[in-house]
Structures are given as structure tokens and as C-alpha cells.
Amino acid sequence: MAVDPHPDRPWSPTYAAWVDELPRWLGSGVLRSRVPHPQAFGTRTHLLDRAYGVLDNTALHRALDVADVRLVRGLADTVTAETVVLRDGTEIRAHRVIDARGLRPDPALAEQTAFGIVLPTSAAAPALGDADCWFMDWRRDNGTSQTDPPSFLYAVPLSDDAMLLEETCLAGRPGLTQGELRRRLDTRLRNRGVEPPANLEVERVRFPVEAPRHTSDVAAFGARAGLIHPGTGYSVAASLSAVDDVVAALVAGHDVGKALWPWRARAVLSLREVGLAALLRLDPANTAVFFDAFFALPVERQRAYLSGRDDLSGTATTMWTLFRTVPPPIRRTLAEAGIRRS
Ligand SMILES: Cc1cc2nc3c(=O)[nH]c(=O)nc-3n(C[C@H](O)[C@H](O)[C@H](O)COP(=O)(O)OP(=O)(O)OC[C@H]3O[C@@H](n4cnc5c(N)ncnc54)[C@H](O)[C@@H]3O)c2cc1C
């Protein structure tokens, strides 16, 4: 049984992932676009040897077959390990309840914010230059100075004909406002010779990149269970990849929380929380240099930090390598973040 206020409503956010992060059982038909070599720009260009894709939400919905599931339309009000009481008073009893209600913005939690527009590919071309996709473009042609909190351009193809151009605040507590991001995107696009027409499709992004520590005895899943990467905000591929473990735990009668969080996964999360603390402390003037150092790492090192949830030695090696590579002022910030956490 599944409780959902709008089970048929299409998912509107643009969800993307590294292609190699997606579980095989999904098949390749869930992507609406795929870029073999996205690029990143800190103070110079990095060509990333790792395919990146945007999910086709309709195909993803179809792939997550719930034909045999009884769907209950409603909003859960009270949730315990074995009961859900809906807002209309209906009580549902279950052998095991899994809380996948996501996370809401909260001033105590670091968040990612972004403002984006969808443009025809030809109109967006000057913003891309010779790149097919900017995974991150930290150039300051968005009207900001070296002392302003930074934001980057995320530019991904949605299809052969459409591009999403998004000004993104990777992590802030609070994140940059929609108005500020919109101004920055306008300035950046104008500086690159793009004049967006009126009446555009827009995307507004705001979500926490960290989850409160899970203290309840109700099993959780998705962002609510902390499957969100604190340093990047990505969770979709991690959640999809964790499905098999959760199902296996349910079938075997094991604890879902323990299945999702073996000690290695908890240790990896702690290291990534240090990464978030470092991002929140980083001097705005050093951001581009920091990301230069990250994207100059071999792609295997990048993958270990960005993807998967239990590669402890890989995550630690990447962070240590980065620590040794960055200039001393950034190294100090990373060390402080490791000692104090923000
Ligand atoms: C615009 C946007 C773009 C993003 N892009 C990416 C991306 O490219 N890649 C990526 O990995 N991550 C992305 N994220 C971040 C994150 O992965 C998403 O927020 C993701 O949707 C989290 O998935 P979730 O299923 O855990 O929670 P949600 O998607 O928030 O789903 C929670 C579900 O619970 C339902 N619900 C809530 N309250 C109740 C209730 N009381 N009773 C019953 N049902 C309830 C909601 O209706 C919803 O269906 C993006 C986030 C946003 C907002």
C-alpha cells in the first residue's frame, strides 16, 4: 500500500544523475538526454570523462511500476512504525511503515537554491560556448564580485532542442534567494549575448542538502532518510540504488535503517558532511580554485566522492588528495571544517 496526495501528478523537477550511478534494472529508456563529456569551469575548463544524463520523469514513473500496489490518496498526518493516520482521520495499519515524505526547507538546514529557464538550444548556444553541458561554471560574469557568495551556471540539454540554464547556489544556510539568482542569471546571459524571450518555462529549486539525524523508530527512505549527498544535493540515483537493499531487508524481516546505514555508509556520510561544512566556510574568492582542484582529480577520485554511499577508503582518499592539492588558505578551511564542522 502507498499513501500519496497526488499519485498521478507528473514530477516537475528536472532530475539528473551521472549515468553510471543509475541501477541497471531501470534501463536506459529513463533518460531524456545524455552528455558523454560534460564540462566544468573554475578558473579553466575541465572536460569530464563521465556521462551525465537528465531523467525523463514520465519514463521513470513508468519504470517504477506500482500496478500491484494499493494507492491511497491522502496526506499522512501522524506516522508511527505500524500506523499512518491521514489528515481526514483514516487510520491505516501496516506491518511496517516507511516514511518517504521528503524534506522541507528549514532554517537550521543547509539548502541548495537555483533559478533556471528553459531555452531553445539555438538561443542558449552563446551561453554554452563550445561546451555541450556545463555541470558547473563558476565564472563571475553573473554580476558578482570575488567577495559575494558564489553561484554557478548549470547548463544541461533536456533534448536536442531545449537547454536548461540554471543559476545555482550549491549550499547556503540560507541559500541565495530566487530573486538574487534570477538577477545573476539575467546578467550572465546578457554578458554572453543571450536575450531570453518573455514567457519562459522556469524552474525554481530549493531543498535541504542535509537531513536532520533520524531519531524516530519509523523507517525512512529517500531524502528523509538522509540519502541526499550533503556536498552536492543529489539523492535521486542514491535512492534508486538503495531500493534493492530496502526490499531485501523487508523480505527478510530485517531493520530497514540498518540495511540503509551500515557503518561504512555512516562514515562516508560523516566525511561528506565535513565537505559541506567546508563549502559553507569557503572564502568566496577561493571557490573557483577549489573546484579547479576537484575537477582536476582523476574521474575515479571524483566519482568516489560524488557517488555511491559506502566507499569509505575511496571517499577518504579523494578528500585527502584534494587537501594536499589545494593552496594553503583553502587547506586551512578544509582543516577547520574537519575539526569543527559547521
Ligand atoms: C527542482 C529540484 C530539482 C532537483 N534536481 C535534482 C537532480 O537533478 N538530481 C538529484 O539527485 N536531486 C535533485 N534534487 C534534490 C532531491 O533529489 C529531490 O528533492 C528529490 O525529489 C528527493 O526525493 P524524495 O523522494 O526523497 O522526496 P520528494 O521528492 O520530496 O518526495 C516526497 C513525496 O512525499 C509526498 N508527501 C509529502 N508529505 C506527505 C504527507 N504528509 N503525506 C503523504 N505524502 C506526502 C510528496 O507529495 C512527495 O510525493 C532536486 C530538487 C528540486 C526541488
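The values are calculated or read from the model by the stated rules, or taken from the named source; none is laboratory data. The structure presented is a predicted model; accordingly, all values stated were derived computationally and were not measured. No Cβ is skipped: glycine too gets one built from the backbone with ideal geometry, and neighbour counts run over all protein chains shown. Note: accessible area is taken over every heavy atom of the protein model, side chains too, but ligands, DNA and RNA are not part of it. Shrake-Rupley method; radii C 1.70, N 1.55, O 1.52, S 1.80 Å.
Sorting 61, 46, 214 by accessible area (1.4 Å probe), largest first, what list results?
Values: 61 65, 46 10, 214 95 Å².
The ordering from most to least exposed comes out as 214, 61, 46.
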Handout entry: Debye, to nearest 20: dipole size of segment 111-208, +1 on Lys, Arg Cβ, -1 on Asp, Glu Cβ
Key = 440 debye
Handout entry: Local net charge near residue 241, Cβ-Cβ under 15 Å (Lys/Arg +1, Asp/Glu -1)
Key = -2
Practice task
Quote the FRET efficiency, to the nearest 0.05, computed for residue 177 versus residue 251 with a Förster distance R0 of 45 Å and r equal to the Cβ-Cβ distance.
Solution key: 0.50
Practice task
Using only the Cα atoms, work out Rg/Rh for segment 263-341, with Rh taken as the Kirkwood radius, to two decimals.
Solution key: 0.94
Fill in the blank from the handout: For the chain, whose charge dipole is built from +1 on Lys and Arg Cβ atoms and -1 on Asp and Glu Cβ atoms, the candidate among 226, 247, 110 with its Cα farthest towards the positive end is 110
Practice task
At most 10 other Cβ atoms within 10 Å and a DSSP loop assignment: could you name the trypsin sites (Lys or Arg not before Pro) in segment 49-97 that fit?
Solution key: 70
Fill in the blank from the handout: Ranking 327, 307, 263 by how far each Cα lies towards the positive end of the charge dipole of segment 263-341 (+1 on Lys and Arg Cβ, -1 on Asp and Glu Cβ), the top one is 263
Practice task
Could you check how many percent of all C-alpha pairs in the chain are farther apart than 28 Å?
Solution key: 44 percent
Completion exercise
Measuring from its Cα centre, the chain shows a charge dipole (+1 at each Lys and Arg Cβ, -1 at each Asp and Glu Cβ) which, in debye to the nearest 20, is 860 debye
Completion exercise
Given a Förster distance of 25 Å, the FRET efficiency implied by the Cβ-Cβ spacing of residue 324 and residue 299, rounded to the nearest 0.05, works out to 0.85
Problem - Projected label distance in nm at residue 19 and residue 95, using a 7 Å step from Cα toward the beta-carbon - result: 3.9 nm
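Calculate, in nm to one decimal, what residue 141 and residue 313 gain on full extension: separation in residues at 0.36 nm each, minus their alpha carbon distance. Don't skip to the answer; put the middle values down first.
Numbers: separation 172, 0.36 × 172 = 61.92 nm, distance 3.77 nm.
58.2 nm is the gain from fully extending residue 141 to residue 313.
Of all accessible surface on the chain at a 1.4 Å probe, what whole percent is carbon and sulfur? Before the final figure, lay out the partial values.
Working: 8960 of 17180 Å².
Looking at the chain in its full context, I get 52 percent from C and S.
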Handout entry: Over segment 92-158: Kirkwood hydrodynamic radius from C-alpha pairwise inverse distances, Å
Key = 15.8 Å
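Given the convex hull over the Cα atoms of segment 111-208, what projected area results after averaging over all orientations, in nm²? Could the numbers behind the result be given before it?
Details: hull surface 23.6 nm².
Result: 5.9 nm².
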Fill in the blank from the handout: By the DSSP-based rule, helices of the chain that are at least 24 Å long along the axis (C-alpha) and have a mean Kyte score of at least -0.5 are 236-252, 263-281
Completion exercise
Here the FRET efficiency for residue 87 versus residue 217, based on Cβ atoms and R0 = 22 Å and rounded to 0.05, is 0.50
Problem - Full-extension gain in nm, residue 44 to residue 104, via 0.36 nm per residue minus C-alpha separation - result: 18.0 nm
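Provide the per residue accessible area, probe 1.4 Å, for segment 263-341, rounded to a whole number of square angstrom.
Details: 3670 Å² over 79 residues.
Computed with neighbouring chains in place, this is 46 Å² per residue.
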Handout entry: Karplus 3J(HN,Hα) series, Hz, for segment 138-148 with 6.51 cos²θ - 1.76 cosθ + 1.60 (x for Gly, Pro)
Key = 8, 4, 8, 8, 9, x, 9, 9, 4, 9, 6
Fill in the blank from the handout: Charge tally for neighbours of residue 137 with beta carbon under 14 Å away, counting Lys, Arg as +1 and Asp, Glu as -1, is 0
Practice task
Note down the nm distance, to one decimal, between modelled labels 7 Å out along Cα→Cβ at residue 204 and at residue 283.
Solution key: 3.6 nm
